[in-house]
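So the structure is just underneath, and the comments pick up after that.
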Amino acid sequence: MPSAFSHAIVGSTLVACGLPRPRATLVALGAVLAAVPDLDVIGIAFGWGLDHPLGHRGLSHSLIVAAGLAGLAVAAVRARPPERRWRIWLVLAIAAASHGLLDALTNGGRGVAFFAPFVDTRWHFPWQPIEVSPIGVWSFFSRRGFQVLTNEVVWLWEPCLAMLAATWAVRRSSDPRTPAARVPGR
């Protein structure tokens, strides 16, 4: 799995780029929804192994849970106008689903149960450029954790920064209030 930092960065970037003028609350929700599936590691305390449906990368990483979490988030923020709710739900669902997608791009673990609880199979993508992050706070703040973060800067943080910059540039150029968007002769 990528680090919680990277999951949050990707989730917030998806919301910031996926919604026109998103409120800070929604961007923060994107970060939280993208990171929260890893709370499933508490299953270790209950004796749930990694292959247990509620174990790491199990049900909490599924697409149906991502959709459900996004629905709860939209209800909690009371998105207005109501016509925007479906778009906010979709973008938040993508942010939440990004967690499992990123985990499937890592070079470790047992795969992701994208279709739990209906299918028990766990998947990895054939291309796995992201280093798997150590589990646990003390394990993360180590030489290995630093190597993982360095890898994530290349594969996740820089693309997020590029995506944010491109979104900002497009929005700025299409905003009629900015000088860059004004066409001479109009």
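Ignoring ligands, DNA and RNA, what percent of the 1.4 Å accessible area of the chain is carbon and sulfur?
Working: 7420 of 10650 Å².
About 70 percent, which is the carbon plus sulfur part of the accessible surface.
Specify the angular offset, from 0 to 90 degrees and rounded to the nearest 10, of the alpha carbon long axis of helix 143-152 from the longest principal axis of the alpha carbons in the chain. With both axes taken from Cα atoms, the answer is about 40 degrees.
Here the sum of -39500 (n - 2.57) over DSSP H runs of 4 or more residues, divided by the residues of the chain, equals -15500 deg cm²/dmol at 222 nm, to the nearest 500. Remark on TRP123: its backbone amide H falls under 5 Å from those of VAL112, ALA113, PHE114, a criterion applied only to residues 5 or more positions apart or on other chains, H modelled at 1.01 Å from N.
Compared with the dominant principal axis of the Cα atoms in the chain, helix 4-18 is inclined by about 30°. Label positions at ILE42 and ASN107, each projected 7 Å from the Cα along the C-beta direction, are separated by 3.3 nm.
Think of a 1.4 Å ball rolled over the protein heavy atoms: region 37-186 then has 62 Å² of accessible area per residue.
A viscosity of 1.002 mPa s and a temperature of 20 °C, combined with the Kirkwood radius over Cα pairs in Stokes-Einstein, give a translational diffusion coefficient for region 13-53 of 177 µm²/s. Direction-averaged projected area, Cα convex hull, region 1-73: 5.1 nm², rounded to one decimal. Matching the structure-derived log10 I(q)/I(0) by the Debye sum over Cα atoms at q = 0.10 Å⁻¹ against the labelled list (1) -0.36; (2) -0.40; (3) -0.45 gives the label (3). Between 0 and 90 degrees, the angle of helix 85-103 with respect to the longest Cα principal axis of the chain falls at about 40 degrees.
The values are calculated or read from the model by the stated rules, or taken from the named source; none is laboratory data. Treat the numbers as computed from the prediction; the structure is a model and nothing was measured. Counting neighbours? That spans all protein chains shown, and the Cβs are built from the backbone with ideal geometry, glycine included. Ligands, DNA and RNA are stripped out before the accessible areas are found, and what is left, the full protein with its side chains, is counted by its heavy atoms. Shrake-Rupley method; radii C 1.70, N 1.55, O 1.52, S 1.80 Å.
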